[in-house]
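Asker: Pasting in a structure now, in structure tokens, and then I'll have a few things to ask.
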Amino acid sequence: MIKVLVVDDEISISSAVAYALGREGFEVETAGDGEEALEKVASFNPDVMVLDVMMPKLSGYEVCRKLDERNRPAVLLLTVKNDIVDKVLGLELGADDFMTKPFDIREVVARVKALSRRRKSEPSGRSGTDEESIVLGGVSIEPFSRMVRIGGVPIDLTPKEFDLLVLLARHPERVYSREALLEQVWEMDFAGGTRTVDIHVQRLRKKLGEWQNLIQTVYGVGYKSTRALT
């Protein structure tokens, strides 16, 4: 059963969302502030977290910043601001999706389902070449264990950063449009638009360090990985 943690200081909202998700078969717990959210992440180990941004003690952004990259849930941020700056900040901190208040609970459920499908498929039982290690330059990617190493040293990637890297690395020199990456990595029409792809690529390149140029921009189109540096 997929576990979902709903975090909102407005009990009426968290209760309504939790009830709707429970009816869809999710195992749900709630938290009323950022500190309690982090405690529940540690004890409940949710697959998905519906997280309000404006909360007492710790904001949703601060909660995202404090999550353990090695075992973090997929995060759906709830915000009252329909501002690209807020969305960019959330994405930079590892959020997977955004919704603006007020919202339709049916859409929250639909987005949680989409995020949970991604989480269920992460350690998938795929066989064959899909699970073989991928090596580009000094970067080694192990799809089954979801581990990335540079020069033998593990680096921490968010789930979406990992999925994006694997997709590009499996097909060197193949150019993906931003729209194609949204469809294949996020599996939905993501609220942040194609800008979220640019943000994730920027963050991924930063983490790749000296190997950041393995991911190249194809201006006017999108992105590709390259073997030219290997």
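The values are calculated or read from the model by the stated rules, or taken from the named source; none is laboratory data. This one's a predicted model, so the numbers in the text were calculated from it and none came from an experiment. Glycine also receives a Cβ, built like all others from the backbone with ideal geometry; neighbour counts cover every protein chain displayed. Calculation scope for accessible area: heavy atoms of the full protein, side chains included, ligands and nucleic acids excluded. Shrake-Rupley method; radii C 1.70, N 1.55, O 1.52, S 1.80 Å.
Asker: Which of the residues that make up the range 88-107 are crowded, with 18+ Cβ neighbours inside 10 Å and not aliphatic (A, V, I, L, M)?
Answerer: Residues satisfying the conditions are GLY90, GLY94, ASP96, ASP97, PHE98.
Asker: Right, here's the next one. Which of the following residues is at pLDDT 80 or above and assigned to a loop (DSSP other than H, G, I, E, B): LEU157, LEU182?
Answerer: Checking each option against the conditions leaves just LEU157.
Asker: Another question, if that's okay. May I ask you to verify whether ALA110 is open to solvent by 50 Å² or more (accessible area, probe 1.4 Å) and at pLDDT 85 or above?
Answerer: It is true that ALA110 is open to solvent by 50 Å² or more (accessible area, probe 1.4 Å) and at pLDDT 85 or above.
Asker: Same structure, new question: Do any residues in the range 159-178 that are in contact (Cβ under 8 Å) with a residue 40 or more places away in the chain and polar (S, T, N, Q) have Cβ atoms under 9 Å from those of residues that are open to solvent by 10 Å² or more (accessible area, probe 1.4 Å) and assigned to a loop (DSSP other than H, G, I, E, B), where the two are at least six apart or on different chains, and which pairs are they?
Answerer: The qualifying pairs are SER177/THR194; SER177/VAL221.
Asker: Against the conditions (1) modelled with pLDDT under 85; (2) assigned to a helix (DSSP H, G or I), where does ARG65 fall short? Just the number, please.
Answerer: (1)
Asker: Something else now. Enumerate the pairs (first residue in the range 216-227 and exposed (fewer than 12 other Cβ atoms within 10 Å of the Cβ); second residue anywhere and in a strand (DSSP E or B)) with beta-carbon separation below 6 Å, excluding pairs fewer than 6 apart on the same chain, so at least 6 apart or on different chains.
Answerer: VAL218/LYS224
Asker: Report the residue count in the range 1-26 for those that are surrounded by fewer than 16 Cβ atoms within 10 Å (Cβ to Cβ), of a type in the set (Lys, Arg) and under 20 Å from ARG72 (Cβ atoms).
Answerer: Total meeting the criteria: 0.
Asker: A follow-up question, please. Would you please list the contacts, defined by Cβ atoms under 7 Å and residues six or more apart or on different chains, that run from a residue in the range 1-18 that is closer than 11 Å to VAL50 by Cα and in contact (Cβ under 8 Å) with a residue 12 or more places away in the chain to a residue that is among the aromatic types (Phe, Trp, Tyr) and open to solvent by 20 Å² or more (accessible area, probe 1.4 Å)?
Answerer: Pairs found: VAL4/PHE26.
Asker: May I ask you to verify whether VAL53 is within 24 Å of ARG203 (Cβ to Cβ) and surrounded by 14 or more Cβ atoms within 10 Å (Cβ to Cβ)?
Answerer: Criteria met by VAL53.
Asker: Follow-up. What are the pairs with Cβ atoms under 7 angstrom where one residue, in the range 27-50, is farther than 21 Å from PHE98 by Cβ and open to solvent by 60 Å² or more (accessible area, probe 1.4 Å) and the other, located anywhere, is assigned to a helix (DSSP H, G or I) and among the hydrophobic types (A, V, I, L, M, F, W, C)? Sequence gap at least six, or different chains.
Answerer: Pairs found: GLU29/PHE44.
Asker: Further question: Looking only at the range 143-167, filter to residues that are within 17 Å of the chain's Cα centre (by Cα) and of a type in the set (A, V, I, L, M); which one of those is most open to solvent (accessible area, probe 1.4 Å)?
Answerer: MET147
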